[in-house]
Amino acid sequence: MKKVTQALGFSKSKPLLNDTPITLKKQKNPAWSAARSEEIYGFRRWGGEHFFADEAGFVRVAPLADERSIRILDVVEEARSKGYDAPMVVRFQDLLRHRVIQLNEAFRTAIAEEKYDARYRGVFPIKVNQLREVVEEVLDAGDPYQYGLEAGSKPELMIALALHDDNRKIIVCNGYKDREYIRLALLGNRLGKPVILVIEQINELREVLRLAGETGTRPMIGLRVKLNTRGEGKWATSTGDSAKFGLTALEILSACNEIRREGYEDCLRLLHFHIGSQVPNIITIKNAVTEAARVYVQLARMGFPMGFLDVGGGLGIDYDGSRTNFESSMNYSLEEYARDVVFNVREICVGSKVPVPDLVSESGRAVAAPHSILVVEVFDRITRQTALPPVDPEKPTPKVVSDLEHILNSSRGYGRLERFHDAVQKKEEAFSLFNLGYLDLESRARAEALFWQIARQIDQQVRKSRGYLPEELLELKGMLADQYVCNFSVFQSLLDHWALKQLFPISPLHRLNEKPTVNAILADITCDSDGKISQFIDLQDVRDHLPLHPLNGKPYYLAIYLVGAYQDIMGDLHNLFGRVNEVHVFLDEDEEDGFYIEETIAGNRVADVLQGVQFKPDEIVRMLKRQVDRAIKQDLVKPREGIRLLEFYENLMQEKTYLKTIDLAKPGARKRTRRPAAAR
C-alpha cells in the first residue's frame, strides 16, 4: 500500500487492494445510507469538520466548523435561478476567514506555550489566488493579527501597496526584480510601509543598493537562503543546489560584505527560505527550519539587526485524508506545524544567546484551498455495457468468436486469471484476423462485446473475493469504468490535475443515500484526450475510478473540493472555454437556507475569449457578413435566411462558452426549474 509504505520510509510497492474496504463488505442492514457514502468519498478524512453528508443524501458545508451548515445543492440551484449554471466555482467566504484565523491562532497558541519572546507576522501570497474578493477577505479576517501580503511580481506588488492600510502589517517581495519592481518597493518604504525586498540573486542586491542611494531611501532587505535540506513532494526542487532561487552560503557572505561596505548594515532585517508548495512530511519542515535558524543566528552574530525569519510556504493540505507523507497528503496538523516552527527556532536562538525573531510564513495553499469548490454537471455517459449484436443464423460462427462464447459460458474448471488471459488472447486474435481480412465487421463487433462481458463477469466475481488478488484482476475495475462526460474544462479549472497529477476530493452533491453502482472516470468537454480525471483519492492508493450513481435523466452534479489555491489563476484557454461562473456565499441564520449569495461573477462570454486571443468580435462578424452576402448573390441561401444566420452568429458572441446542457435533452423536453424550498 503506497501511502502506508511511504509513511514508514519504505519504497513504493504494489497495493493489495485499491478500493475502500466498505464497498466489499456485506452489511447487516442492506439499505444504503449517507454515512456509508461519507466513508467512500472520505468527507471526514479530508474535509475535517467542514464537509459532510446529511441523512437525506446531500452534501453540506459547515464553514465555521460549528452547528451551522449549508446544503451546497441549494446554493447551486439559487445560482441557477439567477442565470448562473454549472460549471461554477462556489466560494464559502466564511470558511476562508476561518482558515486565516486558524493559522494565526495556531501560531499565537504555540508562541504562548513555548514562551517565545516575539510575534507571528504571517503574509498571504497573492499568487495563490489574486482575485480581489479573496485577497480582501483574507486581509479583513487577518486584520486583528496584522496579517500582511506577499508579492512575486510588479502587478502583485501594486495590489499589495494599494490594499495595505496598516503599517504594522509587512509586505514581503519575492521573485526576480527589475528596476521598476525595486522602485515600487522603495516607494512603499518612502510611504512608511514595512516593505521587505527579498534578494533572490546577488545582482538584485547591487541594484537595490544603487536605487536606494539614488532615492535616499533606507530599504528593508531580506536574503533568501538556498538550503541544503532537500524538499519533498511535487515541489522538492524548490531548495537544494539546483533550486531556481536563493543564495548559497558563499553568496550570503558576499551579500553581507557588500551591504556593510555600502553603509546599509542596519537595513538587513529578514532571512527567508522556501522548500516547496506542498510539503507532505513534517521531518522535512523541522530540518529546514533548523538549518535556516542556524543561518539566522550567524547573521545576527555578525552584527546585522535582523528581526524576521520567513519560513516561506509549504504548509500542506491533506487532499486525500490519509494523513501520510504521500505527495497529496500531509502527516502533520496545522497546530503541529506551528509548534515545530516555534520550538525549533526558539531552541537554536536561545541556545545561541540570540534574540528570537518575529516569525513569518507564506501559507497560501493552506489558507485558500478549502474555501472553494468547483461544481460540474454530468450530461452524458460512455459505457462498455453493450449488448451482444444479433447473430445471423445463416452465417457460420468464426472459431475465434465461438471460443469467446465458450469462455463466457463455461466459467467452471479453471481460474479467473486464466479465463482473463484466454479472453485477452482471443480478442487480440480477432483484431489480427480483421486486419488481415479474414473476419467481417459484425464478427469483430461480437468478439469485442463478448470480451467485455467476460471481463465484467470476472470483475463481479473479484468483488466478492477476499485476500490477495493479482494486479491484472484488480485493474479490471479501471478497464471497465464508464466515462461520465462533464460540462467543464480540466485545463481551465483543474490545471494542477492535468499538469502535476494533483489529486482532489470529488463526490456527488446529492443522492448520497443511494448506493453508487457505477465505476466511472470523468471526461471534460475539450477536444483533447488528456481532458479527463482518471485518478482519484483513496486511503490505500490512488484509485483509478470513482463510484458514482447511474444517470436518471435528472441533473447530476459533482463537486471537486479544495480548489481555492492556484486553480482559479493558472487555468489556460484550451478550446477557448474561459472562466466559469462564480458565486460567493456567506452564512446567514435569518435566511431560510442558512446562507445568502453576496456576489455573482459571470463566466467568460464567447466575445471575451475571442478578444483575449486578438480576434475582435466586430471584425469577425463583418468577415462573416461578407461571406453571407456573397452566398446570397450566388443564390446559395435566401436573403431572409442569410440574415437569420448572421444574427445567430452575432448573438452567439454574447453567450457563455460552456455547453447548455438543458439543450441536450430530447426534443420537446421542458427546461429544468428550481425545486421549491419545501421539496428540498
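The values are calculated or read from the model by the stated rules, or taken from the named source; none is laboratory data. Owing to the predicted nature of the structure, the values given are computational and were not obtained by experimental measurement. Note that we place each Cβ from the backbone using ideal geometry, even for glycine, and neighbour counts take in every protein chain shown.
Quick notes
- Scanning the range 368-400 for residues that are farther than 20 Å from residue 59 by Cβ and buried (at least 22 other Cβ atoms within 10 Å of the Cβ) yields 368, 400.
- Within this structure, residue 150 fails the test of being of a type in the set (Asp, Glu) and more than 27 Å from the chain's Cα centre (by Cα).
- Selection count, the range 140-153, where residues are surrounded by fewer than 20 Cβ atoms within 10 Å (Cβ to Cβ) and at pLDDT 95 or above: 4
- Close pairs (8 angstrom Cβ cut-off, 6 or more residues apart or separate chains): under 16 Å from residue 288 (Cβ atoms) in the range 233-261, modelled with pLDDT of 60 or more and acidic (Asp, Glu) anywhere: 233/327; 245/200; 246/200; 247/200
- All of (1) touching a strand residue (DSSP E or B) at 6+ places or on another chain (Cβ under 9 Å); (2) assigned to a loop (DSSP other than H, G, I, E, B) hold for residue 599 with one exception: (2).
- Residue within the range 268-290 that is surrounded by fewer than 17 Cβ atoms within 10 Å (Cβ to Cβ), modelled with pLDDT of 95 or more and farther than 30 Å from residue 369 by Cβ present: no
Matching residues to (1) outside the structural domain of residue 217 (by TED's automatic domain parsing); (2) more than 22 Å from residue 202 (Cβ to Cβ); (3) within 29 Å of the chain's Cα centre (by Cα):
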{"site": "262", "(1), (2), (3)": "no, no, no"}
{"site": "276", "(1), (2), (3)": "no, yes, yes"}
{"site": "305", "(1), (2), (3)": "no, no, no"}
{"site": "334", "(1), (2), (3)": "no, yes, yes"}
{"site": "347", "(1), (2), (3)": "no, yes, no"}
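- Residue 323 vs. criteria out of contact with any helix residue (DSSP H, G or I) (no Cβ under 9 Å at 6 or more places or on another chain) and of a type outside the set (A, V, I, L, M): no
- Within the range 73-84, if we keep just the residues that are charged (D, E, K, R) and either assigned to a helix (DSSP H, G or I) or at pLDDT 95 or above (or both), the residue that is surrounded by the most Cβ atoms within 10 Å (Cβ to Cβ) turns out to be 74.
- Test: residue in the range 200-207 that is more than 20 Å from residue 311 (Cα to Cα), at pLDDT 95 or above and buried (at least 22 other Cβ atoms within 10 Å of the Cβ): yes
- Filtering the range 461-477 to residues that are in a helix (DSSP H, G or I), touching an Asp or Glu at 6+ places or on another chain (Cβ under 9 Å) and exposed (fewer than 15 other Cβ atoms within 10 Å of the Cβ) leaves only 463.
- Taken over the range 522-542, the criterion of being within 17 Å of the chain's Cα centre (by Cα) and either crowded, with 18+ Cβ neighbours inside 10 Å or under 23 Å from residue 72 (Cα atoms) (or both) is satisfied by 522, 523, 524, 531, 532, 533, 534, 535, 536, 537, 538, 542.
- In the range 87-139, residue surrounded by the most Cβ atoms within 10 Å (Cβ to Cβ) [restricted to those that are among the polar types (S, T, N, Q) and in a helix (DSSP H, G or I)]: 93
- Considering (1) of a type in the set (S, T, N, Q); (2) closer than 30 Å to residue 648 by Cβ; (3) at pLDDT 90 or above, the lone condition that residue 611 does not fulfil carries the number (3).
- Residues satisfying the stated conditions in the range 283-312, i.e. of a type in the set (Gly, Ala, Ser) and under 15 Å from residue 230 (Cα atoms): 288, 292, 312
- Qualifying residue in the range 164-187 (condition: in a helix (DSSP H, G or I), surrounded by 22 or more Cβ atoms within 10 Å (Cβ to Cβ) and within 26 Å of the chain's Cα centre (by Cα)): no
- So residue 340, is it surrounded by fewer than 20 Cβ atoms within 10 Å (Cβ to Cβ) and farther than 30 Å from residue 106 by Cβ: no
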